[in-house]
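**Q** Could you have a look at this structure, given as structure tokens, before my questions?
The values are calculated or read from the model by the stated rules, or taken from the named source; none is laboratory data. As the structure is a prediction and not an experimental result, all values here were calculated from the model. Note: ideal-geometry Cβ built from the backbone for every residue, glycine included; neighbour counts use all protein chains shown. These accessible areas exclude ligands, DNA and RNA; they are computed on the full protein's heavy atoms, side chains included. Shrake-Rupley method; radii C 1.70, N 1.55, O 1.52, S 1.80 Å.
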Amino acid sequence: MAKRRIKVSRAGIAIALSALEGFSKPKVSAEQYMTEPDIAATILWDAYMKGDISGKRVADLGSGTGVLGIGAILLGAAKVFLIEQDKEAMEIAKENLGNIESESSAEFVLGDVKEFSSKVDTVIMNPPFGTKSEHSDKRFLENAFDIGNVVYSLHKTETKKFIEAFAKDNKFKITQVMDFSYPLKATMDFHSKGVEKINVSCFRFVKDNT
Ligand code: SAH
């Protein structure tokens, strides 16, 4: 199959991301939800316009099937690390990237995000929200603050107060919050109501050097 060349525009990215494969058998315990392509495109395009992607080193923590990391690749990141502990999800991400033409360098890292310590300019992630494993969003954030200067991260909107306090403790300031209604598709057995929506926010954190 010919590789797809993507037009660098918000719409072009949204279309490219919606053509990617999602999780074949999402694992409930790892809270595997693919970021809805249109939401991913909105976040990535905003990051791109702020100068946080093109030519930068980017890390996608808990990359799953690769939507965010591949989006960063499409937007001209110099190097993208995709860190994921689930081998099956990573195989799908590799296939997804294989179908795309790009000049960026991609590095897949199989393992726990806490083992990953390479410094990057930008972290972009949709971590587990911590509903199955307590505080996993906190652990992801801690790791992101260790390695990045700018962090984009999705969290349940209701956790905003905690996120603000946690960022402050780690000497990061929140410069922007984007609110979304996030469809949790009925891919998990326990979701019987079809498409359920939850309110999530994408926070942009910047290292506070003042
Ligand atoms: N970033 C993807 C997937 C989000 S779901 C997207 O936006 O679509 C969260 C992902 O984090 C899952 O793929 C899950 O397997 C992975 N994950 C959960 N805990 C992890 C950990 N400790 N280390 C690495 N990956 C982890």
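**Q** Of the cross-linked pairs Lys7/Lys173; Lys50/Lys119; Lys27/Lys171; Lys7/Lys27; Lys25/Lys160, which ones have a Cα-Cα span greater than 28 Å in the structure shown? Don't skip to the end; give the middle numbers.
**A** Working: Lys7/Lys173 33 Å; Lys50/Lys119 20 Å; Lys27/Lys171 33 Å; Lys7/Lys27 33 Å; Lys25/Lys160 30 Å.
Where the Cα-Cα span goes over 28 Å, the pairs concerned are Lys7/Lys173; Lys27/Lys171; Lys7/Lys27; Lys25/Lys160.
**Q** With θ set to phi - 60°, apply the Karplus curve 6.51 cos²θ - 1.76 cosθ + 1.60 along the range 97-103 and write out the HN-Hα couplings as whole Hz, x wherever there is a Gly or Pro.
**A** 5, x, 8, 10, 8, 7, 9
**Q** Check which residues have an amide H placed less than 5 Å from Val123's amide H, if you skip close sequence neighbours.
**A** Ala59, Asn149, Val150, Val151, Tyr152
**Q** Mind running the shape call on the chain? Use the C-alpha gyration tensor, a ≥ b ≥ c as the square roots of the eigenvalues: rounded below 1.5 for a/c, prolate if a/b tops b/c, oblate otherwise.
**A** rounded
**Q** Then there's this: Report, to the nearest whole %, how much of the accessible area of the range 1-102 belongs to carbon and sulfur atoms, 1.4 Å probe, protein only.
**A** Carbon plus sulfur share of accessible area: 51 percent.
**Q** In square angstrom, what is the accessible area per residue of the range 24-87 with a 1.4 angstrom probe?
**A** 33 Å²
**Q** Give me the percent of accessible area attributable to carbon and sulfur for the range 107-150, probe 1.4 angstrom.
**A** Heavy-atom surface of the range 107-150 belonging to carbon and sulfur, 1.4 Å probe: 43 percent.
**Q** Also, I was wondering about something else. Among Thr35, Thr175, Thr65, which one shows the biggest mean-square fluctuation in a GNM of the chain, springs joining Cα atoms closer than 10 Å?
**A** Thr175
**Q** For Phe172, what residues show an amide H to amide H distance below 5 Å, using hydrogens built from the backbone and excluding near sequence neighbours?
**A** Asp208
**Q** Let me ask you something else. Could you give the nm distance between label points at Ser9 and His135, where each point is 7 Å from its Cα heading toward the beta carbon?
**A** Here the modelled spin labels are 4.7 nm apart.
**Q** So for each of 98-111, 67-80 I average, over its residues, the number of other beta carbons within 10 Å; can you give me the resulting order with the highest mean first?
**A** Put in order of decreasing packing, that is 67-80, 98-111.
**Q** Another question about this same structure. Please give me the summed charge of the neighbours of Ala40: other residues whose Cβ is under 12 Å from its Cβ, Lys and Arg +1, Asp and Glu -1.
**A** Residues near Ala40 contribute -3 overall.
**Q** Please work out whether the range 73-121 counts as rounded, prolate or oblate from its C-alpha gyration tensor, where a ≥ b ≥ c are the square roots of the eigenvalues and a/c under 1.5 means rounded, while otherwise a/b larger than b/c means prolate and anything else oblate?
**A** Oblate is the answer for the range 73-121, as a/c is 1.5 or above yet b/c matches or exceeds a/b.
**Q** Per residue, how much accessible surface does the range 142-183 expose to a 1.4 Å probe? Answer in Å², no decimals.
**A** Working: 2100 Å² over 42 residues.
With the other protein chains kept in place, the range 142-183 gives 50 Å² per residue.
**Q** Further question on the same structure: Could you go through the range 5-16 in sequence order and give the Karplus-derived ³J(HN,Hα) for each residue, using 6.51 cos²θ - 1.76 cosθ + 1.60 with θ = phi - 60°, rounded to whole Hz, and x for Gly and Pro?
**A** Each residue's phi maps through the Karplus curve to give 9, 9, 7, 7, 7, 4, 5, x, 5, 4, 5, 4 Hz.
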